[in-house]
Amino acid sequence: MANAESGNQGGSASGLTESEAQEFHKIFITSFIGFTLVAIVAHFLVWQWRPWLPGPDGYSAVIMDGAKYSATQLTTLTTFLG
């Protein structure tokens with residue numbers, strides 16, 4: 001409490017010691033790198049599944065492919081339920 005009243009002399013703004021700050025930094029960087037790698041892999045997998053940039057036929061071909069897939073799935077579902 002004395003440090004807080006006297007302007008935190010000799011300590012850091014976060015209140016952590018040097019070793020605690022280094023440990024936190026190490027955990028933060030490791031977590032950030034892990035999160036970034038997972039995000040890169042996820043984006044790559046989604047790109048392989050459904051590219052978000054149109055091909056030479058533009059977005060109309062993508063929309064038609066989606067419509068054909070939906071119609072096939074709907075037909076299969078109604079056959080299964082009916």
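For region 13-52, the candidate set comprises residues that are of a type in the set (Ser, Thr, Tyr) and assigned to a helix (DSSP H, G or I); within that set, the residue that is farthest from Gly66 (Cα to Cα) is Ser19.
Total residues in region 40-49 satisfying the condition of being exposed (fewer than 10 other Cβ atoms within 10 Å of the Cβ) and of a type outside the set (A, V, I, L, M, F, W, C): the figure is 1. Quick check, is Thr78 surrounded by 10 or more Cβ atoms within 10 Å (Cβ to Cβ) and at pLDDT 75 or above? Criteria not met by Thr78. Residues that are at negative phi and outside any helix (DSSP H, G or I) were ranked within region 53-82; the one that is nearest to the chain's Cα centre (by Cα) is Leu53.
For every residue, the table says whether it meets (1) surrounded by fewer than 10 Cβ atoms within 10 Å (Cβ to Cβ); (2) modelled with pLDDT of 90 or more.
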| position | (1), (2) |
| --- | --- |
| Gly11 | no, no |
| Ala21 | no, yes |
| Leu37 | no, yes |
| Pro51 | no, no |
| Gly55 | yes, no |
| Tyr59 | no, no |
| Asp65 | no, no |
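All of (1) surrounded by 10 or more Cβ atoms within 10 Å (Cβ to Cβ); (2) assigned to a helix (DSSP H, G or I); (3) modelled with pLDDT of 90 or more hold for Asn3 with one exception: (3).
The values are calculated or read from the model by the stated rules, or taken from the named source; none is laboratory data. Here the structure is a predicted model, which is why all the values come from computation and not from measurement. Positions of Cβ are generated from backbone atoms using ideal geometry, with glycine treated the same way; all protein chains shown enter the neighbour counts.
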